[in-house]
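The values are calculated or read from the model by the stated rules, or taken from the named source; none is laboratory data. It should be emphasised that the depicted structure is a prediction, and the values quoted were computed from it without experimental measurement. All Cβ positions, glycine included, derive from the backbone under ideal geometry; neighbour counts span all protein chains shown.
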């Protein structure tokens with residue numbers, strides 16, 4: 001027995017998919033997490049829209065032509081994609097895979113439908129659903145300008161409630177009452193997932209196999 | 001909608017079962033956890049042995065006669081039990097159940113075989129397996145007095161390796177390299193388990209049901 005062979009090395013990274021209804025504060029939580037967990041790598045999206053002043057390839061986006069993006073779709077190289085205002089946006093599989101293989105955790109912040117598409121292609125991800133502290137509070141966040149008609153508010157709340165129903169397909173749910181608390185819970189989930197028996201068992205079996 | 005009905009209340013507590021091979025340091029980790037997580041309630045065992053000076057009923061043990069203990073066994077009121085040196089020791093189900101129902105988390109530190117018995121009767125518990133940093137290190141911990149024969153050491157290591165194989169039946173595995181790190185991982189697992197979707201979903205469904 002030598003310490004080199006029978007100690008456990010750090011395993012493959014984990015993909016965390018953070019989602020939740022419109023207005024719940026996914027972006028704010030993700031931005032805060034960037035500060036408190038600098039080791040987590042943020043998934044970089046691909047897009048066909050033109051780079052804006054100061055945007056850097058591979059940092060803000062992977063900039064693609066329409067043809068290049070279509071090829072990513074055709075070769076199953078995007079975990080999900082959607083078209084907004086005439087441009088494609090999507091999550092390149094390779095960036096995620098390469099980062100995980102290097103032992104780093106990746107976080108992907110995405111709306112509810114996109115997250116479910118990712119789950120189909122990447123079921124080993126850890127899917128976290130962000131909830132508002134209450135439906136009243138979600139309504140407050142949805143009514144941003146105070147100029148919305150009752151009908152618009154009702155319609156947005158109805159969409160949000162339908163989105164909340166989809167938490168059924170997620171692994172975890174976190175209430176976004178305080179951003180710091182939500183971040184701390186995401187950190188806990190990540191730490192716990194790294195301790196899952198299924199992640200540790202194959203190595204331990206190899207480890208004790210060397211004794212017998 | 002009122003805030004009283006559509007916010008989420010804290011759910012039922014979680015039973016954590018902490019186990020691992022002889023010599024891995026379960027007791028040390030549990031004692032440290034008592035300091036850093038004073039909210040976790042420690043499972044109190046029942047025993048037929050006589051109270052020692054200073055031991056308090058319901059704090060150190062629940063002291064039982066042999067007949068009372070036998071009745072606990074017969075009525076399925078112990079999650080596991082064993083006989084050592086002519087006395088019964090076991091984990092009373094009611095103490096665990098009452099504490100969980102009051103919304104408090106419970107931790108039970110127990111050897112590997114006992115933990116598996118608990119799992120049969122209480123599968124909803126969270127089973128954490130403590131691993132040594134390496135097999136060399138476990139051997140160092142097993143060879144406590146330095147007077148053991150090679151045969152005794154080999155036999156103890158063989159038992160320990162057989163116990164490690166049983167981690168297969170656990171939910172999580174933690175390497176006890178530093179006590180503080182192990183405690184922090186247990187805390188993360190507990191926080192993550194409280195965020196499990198299955199624990200949150202029924203309440204959220206009730207919550208959004210009130211809107212429609």
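Computed values, structure above
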read-out	value
Matching residues in region A:183-212 - criterion: being outside any helix (DSSP H, G or I) and either at pLDDT 85 or above or more than 9 Å from every other protein chain (Cβ to nearest Cβ) (or both)	A:195, A:196
Meets criteria (surrounded by fewer than 20 Cβ atoms within 10 Å (Cβ to Cβ) and modelled with pLDDT under 95) for residue B:6	no
Residue within region A:186-206 that is over 28 Å from residue B:173 (Cα atoms), touching a helix residue (DSSP H, G or I) at 6+ places or on another chain (Cβ under 8 Å) and surrounded by 19 or more Cβ atoms within 10 Å (Cβ to Cβ) present	no
Strands (runs of 3 or more DSSP E) wholly inside region A:98-182 that include at least 3 residues being under 14 Å from the mean Cα position of the chain (by Cα), surrounded by fewer than 19 Cβ atoms within 10 Å (Cβ to Cβ) and in the same structural domain as residue A:34 (by TED's automatic domain parsing)	none
Residues of region A:168-189 satisfying the condition of being touching a residue at least 60 places away in the same chain (Cβ under 8 Å) and in contact with a strand residue (DSSP E or B) (Cβ under 7 Å, 6 or more places away or on another chain)	A:170, A:176, A:182, A:186, A:189
Answer residue from region A:168-179, given it is touching a helix residue (DSSP H, G or I) at 6+ places or on another chain (Cβ under 7 Å) and more than 10 Å from chain B (Cβ to nearest Cβ) and is nearest to residue B:194 (Cα to Cα) among those	A:176
Subset tally (residues that are at the interface with another protein chain (Cβ under 8 Å from one of its Cβ atoms) and closer than 14 Å to residue A:205 by Cα) for region B:134-167	6
Selection within region B:38-56 - exposed (fewer than 11 other Cβ atoms within 10 Å of the Cβ) and under 23 Å from the mean Cα position of the chain (by Cα)	B:38, B:39, B:56
Residue check for residue A:71: out of contact with any strand residue (DSSP E or B) (no Cβ under 9 Å at 6 or more places or on another chain), surrounded by 11 or more Cβ atoms within 10 Å (Cβ to Cβ), over 24 Å from residue A:21 (Cβ atoms) and not assigned by TED's automatic domain parsing to the domain that holds residue A:162	yes
Meets criteria (away from chain B (no Cβ under 14 Å), in contact (Cβ under 8 Å) with a residue 40 or more places away in the chain and in contact with a helix residue (DSSP H, G or I) (Cβ under 9 Å, 6 or more places away or on another chain)) for residue A:11	no
